[in-house]
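J.: If you scroll down you'll find the structure; I have some questions about it.
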Amino acid sequence: MSSSSSSAQLKRLKPLYQHVVNNFLVVMAAPLAVAAIVNAARVGPDELLRMARALRPVHVFLAAFVPAAAATLYLMLRPRPVYLVDYACFRTKPNCRVPFATFLEHAKLVTYVEGASIDERSVRFMTRLLERSGLGEETCLPPAHHFIPPYRNLEASRTEVEVVIFNAIDDLLAKTGISPAAIDILVVNCSLFAPIPSFTDMIINKYKMRSDIRNVHLSGMGCSAGLISVGLARNFLQVAPHGAHALVVSTETITPNYYVGKERAMLLPNCLFRMGGAAVLLSTSRAKARFRLSRVVRTLTGAQDSAYRCVFQEEDGEGHRGINLSKDLMTIAGDSLKANITAIGPLVLPASEQLLFALSFIARRVLNRRVKPYLPDFRMAFEHFCIHAGGRAVIDELQRSLGLSDEHVEASRMALHRFGNTSSSSVWYELAYIEAKGRMRPGDRVWMIGFGSGFKCNSAAWECISPARNADGPWADSICRYPVDIPEVLKH
């Protein structure tokens, strides 16, 4: 028998295997239940009554009390479920758009600015990057970057922060109808800009929130910080009164981080990062909830020097500050993803996939790694995937590693094309895309995956309760044009 016919036969048998293993308890319990019913019918009601009377009161008490006590203890000690009430993304403005021609013309003019080291060779390099980046012509940069030279001062940076996060929060409050005074917890993340007063102070002052609100501003945590913020807010909600609300705001401030040097490893962020932000409302009350938070799994590989330095803020030889992206970034991201898969797999995968993974692991140990490792099929655990839109190479690598179809990564590619790399908020633009397309159904499961400096890979698993009723959101004016074909190299 040929290997191709054997493979085809195994594929036909796999659904049967999955059904049997995933429903093992049902498969085993059904014959036992039938046998018990048949036995009871043979004994007769009189004999059953006599056996029941023969039981001692202590046995009856223990049979009733022990299960009830165990159930009560479980309900008291289990973590409270956390729900996503709703979310909103910053809607970019047409006057902030930077088509490729505008971006490159601006970069050429910056070469003439006193103090800037960027040169024609750097502009040609950025041109090649943009042509292969997967970004479209409608991505946006803050107003400060439209000047020559770009404004990178504190006032311009604060202006961008206020425009982005206040816009997203206003939309969220309008959608949910909640009062700012009803928010008990506030968590904000922005990696590269941490002013005094902090982002949380700015929000509390703007919306006149309560004086006892618990608030945290996370900085320096990279593009996966949005999911870290969700996990932190979840932990806060565990010790807050039932029904408390947590506001999570994720953004990245572009204004102070435009790199004017000529180190190639530090020019890439100029080409990929764009304006964006998201506001998310979480609660322990199921009322009006749209998603349930199933899991948050964080993995960190920062103990390794190569992983620690692969995304590193530093100054180049001429004193220009920027983000240095290592050439080993994709390899390190792949290793970090493997660690995260190993952690989240047992929590979300069905028994059939876990069994195959365990058998593969044992076989590799016994046969000295001559057996190809089995990659679990995460499509059995999730219907939708929101992969951080860090760049075309990131999405390509995850699609290959997880064995996903083009449709599974469509939201990530389209978010990158329409909005660029919006850092920690990108997964929310992707979720908004899936909902705007009308693909979300009650009971659907969503896997959000974020990567960040350090190096970190973080995951959040959600289960849909109530999909969005319309396409209102960041995609309102463009969803009808998507998906679009994205060539390998865009010529303009």
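J.: Please work out which one of (1) acidic (Asp, Glu); (2) out of contact with any strand residue (DSSP E or B) (no Cβ under 6 Å at 6 or more places or on another chain); (3) in a helix (DSSP H, G or I) is the condition GLU430 fails and give its number.
T.: Here GLU430 meets the rest and fails (2).
J.: Among ALA411, ALA393, ALA476, ALA415, which is open to solvent by 30 Å² or more (accessible area, probe 1.4 Å), within 25 Å of PRO99 (Cα to Cα) and not in a loop (DSSP other than H, G, I, E, B)? Write out each step before concluding.
T.: On the way: ALA411 fails: open to solvent by 30 Å² or more (accessible area, probe 1.4 Å); ALA476 fails: not in a loop (DSSP other than H, G, I, E, B); ALA415 fails: open to solvent by 30 Å² or more (accessible area, probe 1.4 Å).
When all the criteria are applied, what remains is ALA393.
J.: Still on this model: Look at the range 126-153 and say how many of its residues are open to solvent by 80 Å² or more (accessible area, probe 1.4 Å) and in contact with a helix residue (DSSP H, G or I) (Cβ under 8 Å, 6 or more places away or on another chain).
T.: At the first step, the residues of the range 126-153 found to be open to solvent by 80 Å² or more (accessible area, probe 1.4 Å) are 128, 132, 147-148, 151-152.
Next, only the ones that are in contact with a helix residue (DSSP H, G or I) (Cβ under 8 Å, 6 or more places away or on another chain) stay: 132, 148, 151-152.
Qualifying residue count, the range 126-153: 4.
J.: Here's another thing I want to ask about it. Hey, among the residues in the range 287-303 that are at pLDDT 95 or above and part of a loop (DSSP other than H, G, I, E, B), which one's least open to solvent (accessible area, probe 1.4 Å)?
T.: Looking at the filtered set, the residue picked out is ALA289.
J.: How many residues does the range 344-390 hold that are over 29 Å from LEU431 (Cα atoms), part of a loop (DSSP other than H, G, I, E, B) and among the charged types (D, E, K, R)?
T.: 3
J.: A follow-up question, please. Is it the case that GLY322 is within 18 Å of the chain's Cα centre (by Cα) and open to solvent by less than 70 Å² (accessible area, probe 1.4 Å)?
T.: Details: within 18 Å of the chain's Cα centre (by Cα): no; open to solvent by less than 70 Å² (accessible area, probe 1.4 Å): yes.
Answer is no for this residue.
J.: Right, another one. In the range 218-251, how many residues are open to solvent by less than 10 Å² (accessible area, probe 1.4 Å), closer than 30 Å to ALA107 by Cβ and not in a helix (DSSP H, G or I)?
T.: 2
J.: Separate question: Of everything in the range 304-339, what is in contact (Cβ under 8 Å) with a residue 60 or more places away in the chain, of a type in the set (Val, Ile, Thr) and not in a strand (DSSP E or B)? Give them in sequence order.
T.: ILE332 - this is the single residue of the range 304-339 that is in contact (Cβ under 8 Å) with a residue 60 or more places away in the chain, of a type in the set (Val, Ile, Thr) and not in a strand (DSSP E or B).
J.: Could you count how many residues in the range 110-125 are open to solvent by less than 70 Å² (accessible area, probe 1.4 Å) and assigned to a helix (DSSP H, G or I)?
T.: Quick first cut of the range 110-125, residues open to solvent by less than 70 Å² (accessible area, probe 1.4 Å) only: 110-111, 113, 115-119, 122-123, 125.
Add one more test, that the residue is assigned to a helix (DSSP H, G or I), and what stays is 110, 122-123, 125.
Matching residues across the range 110-125 total 4.
The values are calculated or read from the model by the stated rules, or taken from the named source; none is laboratory data. A quick note: this is a predicted structure, and the numbers were derived from the prediction, not measured. Every residue, glycine among them, receives a Cβ derived from its backbone with ideal geometry; neighbour counts consider all protein chains shown. Just the protein is used for accessible areas: all its heavy atoms, side chains included, with ligands, DNA and RNA removed. Shrake-Rupley method; radii C 1.70, N 1.55, O 1.52, S 1.80 Å.
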